[in-house]
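To keep things clear, I will list the structure first and then write my remarks on it.
The values are calculated or read from the model by the stated rules, or taken from the named source; none is laboratory data. What you see is a predicted model; the values in this text were computed from it and never measured. Please note: Cβ atoms are built from the backbone with ideal geometry, for glycine as well, and neighbour counts cover all protein chains shown. Just so you know, the surface numbers come from the protein's heavy atoms only, side chains and all, with ligands and any DNA or RNA stripped out. Shrake-Rupley method; radii C 1.70, N 1.55, O 1.52, S 1.80 Å.
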Amino acid sequence: MRNAYSVETVRAAERELMARLPEGALMARAAAGLAAVCAELLARRRGRVYGSRVVLLAGPGDNGGDALYAGARLARRGAAVTAVPMDPARIHPGGLAALRAAGGRVAESVPARADLVLDGLTGIGGRGGLRPAAAALVERIPAGALVVAVDLPSGVDADTGEVAGPAVSADVTVTFGAYKPGLLIDPGASRAGAVRLVPIGLELPDRAELEALQHADVARLLPLPGASSDKYRRGVVGVVAGSEQYPGAAVLAVAGALRGGAGAVRYVGPAAEAVLARYPEVLVGRGRVQAWVVGPGLGSGRAAEVERALADRDVPVLVDADGLRGLDPEVVRARRAATLLTPHAGEAAALLGVAREEVEAGRLAAVRELAGRYGAAVLLKGSTTLVASGGGGGGGGGVGVVRVNPTGTPWLATAGSGDVLSGLAGALLAGGLSGADAGAVAAYLHGLAGRFAAGALAAGGTAAGGAPVVAQEVAAALPEAWRSVRAA
């Protein structure tokens, strides 16, 4: 599990540690780790540190001090290091002295050329966007330079990932002691680049503000058949989806459920012919199920079918797409079994009564608000998929730890991909997972399947690598995603 902690929690842990260490020891640890990463990056890029041109954008706080001390270490290895202070009168005195002693220099303006730029302007304490002086330095970062953020890209809110105005876009972020939520949630995550964690000895609480599952965590949660399993023990998923206008949504939701480990799928809706043509093993008509998936491609005028599913308070229900229209929070909160809502940003905005842009800019706040309002688990889809558990339907009290999904690829932004995800999550609900666990595991497997289908993983490329895919290919790649997780 990759855990992320709030600024308040990290600051408290730093104070406790500094009380036990000699003065300056904690900053020395951070600077040493930062310098080591920068040296590695320079060696990879230029073949050596010696002769590299390094620019330090130094703010007035400890973040600027970290950059200056790291710059001093690079200068001692032969790099040409130039510090550009945001406020010369408030530059970190110890860091400045160390840099000058190592042969570094200070300049009033950003050099036109650099191999590496260290962003030490604001760090995790910054709020509400960059000040004009900092924004002016960011605008002058030389084109082609490798940008390394110190702890957090300046201009990104550490606790939420929100970006208010100009902000640094880093190639690499070196963060100290713990991940911060803003490094894992868009729009901040897209500014962070590759995130490298430098341990500095912080003692952090078990409960984090944000969690990111890893292969081993997902493997432990997967519902697997045993020797005595039959199709009913493995879980039967009821799928209420599709319409005359959108029959494909039914086919894709069923595909996700079948590939998601369901023992059987019952389909209810007008697209039975299309579903059976592709999946003859599907049962048609209502009957006993362990979970319902309602909403994908449902169209208008079928609210009664959503209400019918939710009225069975003892059966888990996933509500997606058209099923989310006009959803009554009191109906959802009254349920005893798990409820999982899976909106994208536009649907979340409609449920909250706000603009879509507000949801996109504050994804963490939006998913928490939805989970609290509906007392349900909520999977907020998007470039960063977040899953929050609510208090209703076995959710266990108020909004718990939010999970952020670390898998995926931009190629998943394709028609029908969300229908596959709904069916997959429904199968996991039927297999006995809680709403939050089903949502988090489904998002993880779905993201992996997208990468496999696009060829990004098979080719050894990045998440953005590979080639376009269609939703059917994502569903077909789900078994490969399962095998990958279980083999780790």
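On inspection, Ala216 does not qualify as of a type in the set (Gly, Ala, Ser) and in contact with a Lys or Arg (Cβ under 9 Å, 6 or more places away or on another chain).
May I ask you to list the residues in region 96-130 that are farther than 14 Å from Val55 by Cβ, surrounded by 15 or more Cβ atoms within 10 Å (Cβ to Cβ) and without any contact (Cβ under 8 Å) to a residue 60 or more places away in the chain? It would help to see each step written out before you state the result.
Step one: of region 96-130, the residues farther than 14 Å from Val55 by Cβ are 96-98, 100-103, 122-130.
Keeping just the survivors that are surrounded by 15 or more Cβ atoms within 10 Å (Cβ to Cβ) gives 96, 98, 100, 102, 122-124, 126, 129-130.
Within region 96-130, Leu96, Ala98, Arg100, Ala102, Gly126, Gly129, Leu130 meet the criteria.
Restricted to region 357-376, and to residues there that are farther than 18 Å from Gly447 by Cβ and of a type in the set (A, V, I, L, M, F, W, C), the residue that is nearest to the chain's Cα centre (by Cα) is Leu364.
Of the residues that make up region 340-361, is at least one part of a loop (DSSP other than H, G, I, E, B) and touching a Ser or Thr at 6+ places or on another chain (Cβ under 7 Å)? No, that holds for no residue.
A quick yes/no check of all residues on (1) closer than 20 Å to Gly94 by Cα; (2) touching a residue at least 60 places away in the same chain (Cβ under 8 Å); (3) open to solvent by 70 Å² or more (accessible area, probe 1.4 Å); (4) of a type in the set (Lys, Arg):
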residue	(1), (2), (3), (4)
Arg15	yes, no, yes, yes
Met18	yes, no, yes, no
Leu26	yes, yes, no, no
Ala30	yes, yes, no, no
Leu42	no, yes, no, no
Val54	yes, yes, no, no
Ala58	yes, yes, no, no
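Take Ala337 and decide whether it is surrounded by fewer than 20 Cβ atoms within 10 Å (Cβ to Cβ) and not in a loop (DSSP other than H, G, I, E, B).
Values: surrounded by fewer than 20 Cβ atoms within 10 Å (Cβ to Cβ): yes; not in a loop (DSSP other than H, G, I, E, B): no.
Considered against the rule, which asks whether it is surrounded by fewer than 20 Cβ atoms within 10 Å (Cβ to Cβ) and not in a loop (DSSP other than H, G, I, E, B), Ala337 comes out as no.
This table checks each residue for (1) more than 23 Å from Leu386 (Cα to Cα); (2) surrounded by 19 or more Cβ atoms within 10 Å (Cβ to Cβ).
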| site | (1), (2) |
| --- | --- |
| Pro205 | no, no |
| Leu210 | no, yes |
| Arg220 | no, no |
| Glu244 | yes, no |
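Go through region 303-314 and give me each residue that's of a type outside the set (D, E, K, R) and open to solvent by 20 Å² or more (accessible area, probe 1.4 Å).
Passing the criteria: Ala303, Ala304, Ala311.
On the basis of being without any contact (Cβ under 8 Å) to a residue 40 or more places away in the chain and either over 23 Å from Val319 (Cα atoms) or over 26 Å from the mean Cα position of the chain (by Cα) (or both), does Ser229 make the cut? Considered against the rule, which asks whether it is without any contact (Cβ under 8 Å) to a residue 40 or more places away in the chain and either over 23 Å from Val319 (Cα atoms) or over 26 Å from the mean Cα position of the chain (by Cα) (or both), Ser229 comes out as yes. Restricting the first member to region 265-276 and to residues that are in contact (Cβ under 8 Å) with a residue 12 or more places away in the chain and within 10 Å of Val254 (Cβ to Cβ), and the second to residues that are assigned to a helix (DSSP H, G or I) and open to solvent by 40 Å² or more (accessible area, probe 1.4 Å), the beta-carbon pairs closer than 6 Å and six or more apart or on different chains are Val265/Leu258; Ala271/Pro247; Ala274/Pro247.
Restricting attention to region 1-13, which residues are in a strand (DSSP E or B) and open to solvent by less than 30 Å² (accessible area, probe 1.4 Å)? Let's see the steps before the verdict.
The initial filter retains those residues of region 1-13 that are in a strand (DSSP E or B), namely 2-4.
Ala4 - this is the single residue of region 1-13 that is in a strand (DSSP E or B) and open to solvent by less than 30 Å² (accessible area, probe 1.4 Å).
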